[in-house]
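Trainee: One structure follows; several queries about it will come next.
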Amino acid sequence: AQSVTQPDIHITVSEGASLELRCNYSYGATPYLFWYVQSPGQGLQLLLKYFSGDTLVQGIKGFEAEFKRSQSSFNLRKPSVHWSDAAEYFCAVGARGTYKYIFGTGTRLKVLA
Amino acid sequence: KAGVTQTPRYLIKTRGQQVTLSCSPISGHRSVSWYQQTPGQGLQFLFEYFSETQRNKGNFPGRFSGRQFSNSRSEMNVSTLELGDSALYLCASSVTGGDNQPQHFGDGTRLSIL
């Protein structure tokens, strides 16, 4: 069955520290992969996407993610976190031919000043 | 360009009632998807519409239904509300709904069941 796993429910980092949010997927073929961010009381905003090609993709707000086929992972990274990055982050898979996206359960990021 | 608009933002209902939520997609977007978001469950896919046709449906009971109009606006209806239906309902739109298209989300409708 297709699934997306975000093993960390909560993560706390200090401002200026580096960040890595984990995402693992289960899918029969190379999926379309996305990372979204949700601030309190708002909808989701796309950070970046991976379809094919270069496995390191750059997104908005200084985020990047690396696709690793051998590990079925698509981890999100940022070299230096800002207090405004505190939010909930969702990894998603576009299941080919289904018009359906499968989301992970999210990772809530807290940033300490 | 206006974003995805969901109305109302907040709703309070009691068990047994029914509710209708509305979603206006970005102009030019013809695909609309609905999700239920609850703490710990993440986003659960409800259904997707394109050109007034439902193309996919998630694992929700028949009390959850939707439709799409010719102008791509969509509505979602929940009948015989239960306490467990309390959630944030998110609508997302994309141009044609292909699974390689990023979805643009509205801010959601917060539904509370008393």
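The values are calculated or read from the model by the stated rules, or taken from the named source; none is laboratory data. If you're wondering where the values come from, they're calculated on a predicted model, not measured in any experiment. Cβ: placed from backbone, ideal geometry, glycine included. Neighbour counts: every protein chain shown. The accessibility values were calculated without ligands, DNA or RNA, using every heavy atom of the protein model including side chains. Shrake-Rupley method; radii C 1.70, N 1.55, O 1.52, S 1.80 Å.
Trainee: Restricting to region A:84-111, count the residues that are open to solvent by less than 10 Å² (accessible area, probe 1.4 Å) and of a type in the set (Phe, Trp, Tyr).
Mentor: Qualifying residue count for the region: 3.
Trainee: May I pose another question? Restricting attention to region A:1-25, which residues are under 15 Å from A:Phe90 (Cα atoms), open to solvent by 30 Å² or more (accessible area, probe 1.4 Å) and of a type in the set (Ser, Thr, Tyr)?
Mentor: Selection gives A:Ser3, A:Thr5.
Trainee: With A:Lys78, A:Lys49, A:Lys68, A:Lys61 as the choices, which residue is under 15 Å from the mean Cα position of the chain (by Cα) and on the phi > 0 side of the Ramachandran plot?
Mentor: A:Lys61
Trainee: Can you give me the ranges of the strands (runs of 3 or more DSSP E) entirely in region A:1-98 with at least 1 residues that are under 22 Å from B:Asn56 (Cα atoms)?
Mentor: Values: elements: A:3-5, A:10-14, A:19-21, A:24-26, A:32-38, A:44-50, A:56-58, A:64-68, A:73-78, A:87-95.
Result: A:3-5, A:24-26, A:32-38, A:44-50, A:87-95.
Trainee: Restricting the search to region B:70-110, which residues are open to solvent by less than 40 Å² (accessible area, probe 1.4 Å), outside any loop (DSSP other than H, G, I, E, B), of a type outside the set (A, V, I, L, M, F, W, C) and within 22 Å of A:Thr98 (Cβ to Cβ)?
Mentor: B:Ser74, B:Tyr89, B:Ser93, B:Ser94 - these are the residues of region B:70-110 that are open to solvent by less than 40 Å² (accessible area, probe 1.4 Å), outside any loop (DSSP other than H, G, I, E, B), of a type outside the set (A, V, I, L, M, F, W, C) and within 22 Å of A:Thr98 (Cβ to Cβ).
Trainee: Also, I was wondering about something else. Test B:Gly66 against the stated conditions and say whether it is within 14 Å of another protein chain (Cβ to nearest Cβ) and within 23 Å of B:Thr14 (Cβ to Cβ).
Mentor: Yes, satisfied.
Quick grid of which residues meet (1) part of a loop (DSSP other than H, G, I, E, B); (2) among the basic types (Lys, Arg); (3) at pLDDT 95 or above; (4) out of contact with any Lys or Arg (no Cβ under 8 Å at 6 or more places or on another chain):
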position: B:Gly3; (1), (2), (3), (4): yes, no, no, yes
position: B:Leu11; (1), (2), (3), (4): no, no, yes, no
position: B:Gly16; (1), (2), (3), (4): yes, no, yes, yes
position: B:Thr20; (1), (2), (3), (4): no, no, yes, yes
position: B:Gly40; (1), (2), (3), (4): yes, no, no, yes
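Trainee: Starting from residues that are without any contact (Cβ under 8 Å) to a residue 24 or more places away in the chain and not charged (D, E, K, R), keep the ones in region A:53-83 and report whichever is surrounded by the most Cβ atoms within 10 Å (Cβ to Cβ).
Mentor: Looking only at region A:53-83, we keep the residues that are without any contact (Cβ under 8 Å) to a residue 24 or more places away in the chain, and these are A:53-58, A:60, A:62, A:64, A:66, A:68, A:70.
Subsequent filtering for residues that are not charged (D, E, K, R) retains A:53, A:55-58, A:60, A:62, A:70.
Details: A:Gly53: 8, A:Thr55: 12, A:Leu56: 11, A:Val57: 19, A:Gln58: 11, A:Ile60: 10, A:Gly62: 14, A:Ser70: 5.
Looking at residues that are without any contact (Cβ under 8 Å) to a residue 24 or more places away in the chain and not charged (D, E, K, R), I get A:Val57.
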